[in-house]
Amino acid sequence: MGTSKYSPEFRADAVALYHASPGGTYASVAKDLGVNHETLRTWVRDAEQAGRPGAVEATAMDKENRQLRARVKELELEREILRRAAKYFAAETSW
């Protein structure tokens, strides 16, 4: 395979620009950069498969969010159980 005329830094910047463009299409971002849209699509796909740090951080953050939401549900259930128990024992000990 021949040498590429685009540096790895340019490719990484192009991928970052695509991800930072809300509603941007491959064609629109590629046109702005002066590259073929299929080339940009390939770079984005390769970056996602390689697990770039940005993608790993998002995945780790999603995992942490799921764990924290599960913990919140567990604590809410425990609080509800304790609230009901306190209400039960308060009614039982009325003098």
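Diffusion of the chain by Stokes-Einstein, at 37 °C in a medium of 0.692 mPa s and with Rh set to the Kirkwood radius over alpha-carbon pairs, works out to 187 µm²/s. Computed about its Cα centre, the charge dipole of region 8-92 is approximately 360 debye, with only Lys, Arg, Asp and Glu carrying charge at their Cβ. Hey, what angle do you get for helix 37-50 against the long axis of the chain, alpha-carbon based, 0 to 90 degrees rounded to 10? Helix 37-50 and the main axis of the chain meet at about 50 degrees. Subtracting the Cα-Cα distance of A12 and A70 from their residue separation scaled by 0.36 nm leaves 17.3 nm.
Where a number appears in this text, it was derived from the coordinates with a stated rule and is not lab data. This structure is a prediction, so every number in the text was calculated from the model and none was measured. Quick reminder, even Gly has a Cβ in these numbers, built from the backbone with ideal geometry, and neighbours come from all protein chains shown.
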